[in-house]
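**Q** Got a structure here, written out as structure tokens. Questions coming.
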Amino acid sequence: MRRPMIAGNWKMNKTPAETVALLTELKKIQIRNKAEVVVCPMTVSLFAAGPILKGSDIRLGAQNVHFEDKGAFTGEANVASLKELGVQYVILGHSERRQYFGETDETVNKKTLKCLEKGLKPIVCVGESLAEKQKGITNEVVCLQTKAALCGVSRMQLEDVVIAYEPIWAIGTGMTATAQDANATIGAIRRAIREVYGDMAEKIRILYGGSMNDKNASELMSQPEIDGGLIGGASLIPEKFEKVINY
Ligand code: PEP
């Protein structure tokens, strides 16, 4: 049995003070199912978030990390610092980072390996563009991205990895993949992982992300391959995020 995960990607929203206010609201949510809940504020807001979440059922995640331990990498944050702030998960390879900040399969892989070596759990994002979907190459694209991200990850480490399938055309657009399509693509990702890791593929959680919200969460979550959601916009609104959490 894979434990479902509902993770909120706050993107570049919520100052430290606003983070405290939103987390104070989110902590009031009664988690009625077994979902593991994660929130990923901006890097500068993590310092404020850590103490608020201490002892709560909500785990802290980051939106990015560097693959080196320390050094001349102006503007970056390392794994050790995130861990000190209470971070347990980190989103890697989000399509916005691939599109605007030069993230590649190679850097996603380096970051995945560094996180696993140092004890942070990566949430690795993969997903096809609209053009790739229209060409009918969704499965090829997401399976290649997945295998590239996992290159060098041991069987033991695999259990700490979470994959998020996020069709780029569905992110922030209000267009969601149908539950059946999302389930089929996630099934293809799991088969690709099985080719390398055998039965361990059954243990890895694969989330869906892309305009998932309070209205469509329960249908998406009823699919057998979908182990959770990575939620952008709806994770910033407590009433909506609560409904997603208790899908
Ligand atoms: C995301 O940014 O990971 C995301 C899924 O955003 P949204 O839910 O707003 O589409």
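**Q** Working carefully through the options ILE204, ILE168, ILE163, ILE193, find the one that is within 16 Å of the ligand (Cβ to nearest atom) and open to solvent by less than 40 Å² (accessible area, probe 1.4 Å). Write out each step before concluding.
**A** Values: ILE204 fails: within 16 Å of the ligand (Cβ to nearest atom); ILE168 fails: open to solvent by less than 40 Å² (accessible area, probe 1.4 Å); ILE193 fails: within 16 Å of the ligand (Cβ to nearest atom).
Answer to the check: ILE163.
**Q** TYR208 - would you say it is of a type outside the set (Lys, Arg), in contact (Cβ under 8 Å) with a residue 60 or more places away in the chain and under 22 Å from ARG32 (Cβ atoms)?
**A** no
**Q** Output the residues belonging to the stretch 81-115 that are within 15 Å of the chain's Cα centre (by Cα) and of a type in the set (A, V, I, L, M, F, W, C).
**A** VAL87, VAL90, ILE91, LEU92, VAL108, CYS115 - these are the residues of the stretch 81-115 that are within 15 Å of the chain's Cα centre (by Cα) and of a type in the set (A, V, I, L, M, F, W, C).
**Q** Considering only residues that are within 14 Å of SER95 (Cα to Cα) and open to solvent by 60 Å² or more (accessible area, probe 1.4 Å), which ones fall in the stretch 119-139?
**A** Of everything in the stretch 119-139, just one residue is within 14 Å of SER95 (Cα to Cα) and open to solvent by 60 Å² or more (accessible area, probe 1.4 Å), namely LEU130.
**Q** Collect the residues in the stretch 23-51 that are open to solvent by 40 Å² or more (accessible area, probe 1.4 Å) and outside any loop (DSSP other than H, G, I, E, B), keeping them in residue-number order.
**A** Within the stretch 23-51, THR24, GLU25, THR43, VAL44, PHE47, PRO51 qualify.
**Q** Also, quick follow-up: Could you tell me which residue of the stretch 62-109 is nearest to the ligand (Cβ to nearest atom), considering only residues that are touching a residue at least 24 places away in the same chain (Cβ under 8 Å) and hydroxyl-bearing (Ser, Thr, Tyr)?
**A** So the residue we want is SER95.
**Q** Let me ask another. What's the total number of residues in the stretch 171-190 that are away from the ligand (no atom under 16 Å from the Cβ) and open to solvent by 80 Å² or more (accessible area, probe 1.4 Å)?
**A** 1
**Q** Related question: Quick one: how many residues across the stretch 213-226 are within 15 Å of the ligand (Cβ to nearest atom) and either touching a strand residue (DSSP E or B) at 6+ places or on another chain (Cβ under 7 Å) or open to solvent by less than 50 Å² (accessible area, probe 1.4 Å) (or both)?
**A** Result for the stretch 213-226: 7.
The values are calculated or read from the model by the stated rules, or taken from the named source; none is laboratory data. Worth saying up front: this structure is predicted, and the values here are computed from it rather than measured. Glycine gets a Cβ as well: all are built from the backbone with ideal geometry, and neighbour counts include every protein chain shown. Keep in mind that these areas ignore ligands, DNA and RNA; they rest on the heavy atoms of the full protein, side chains included. Shrake-Rupley method; radii C 1.70, N 1.55, O 1.52, S 1.80 Å.
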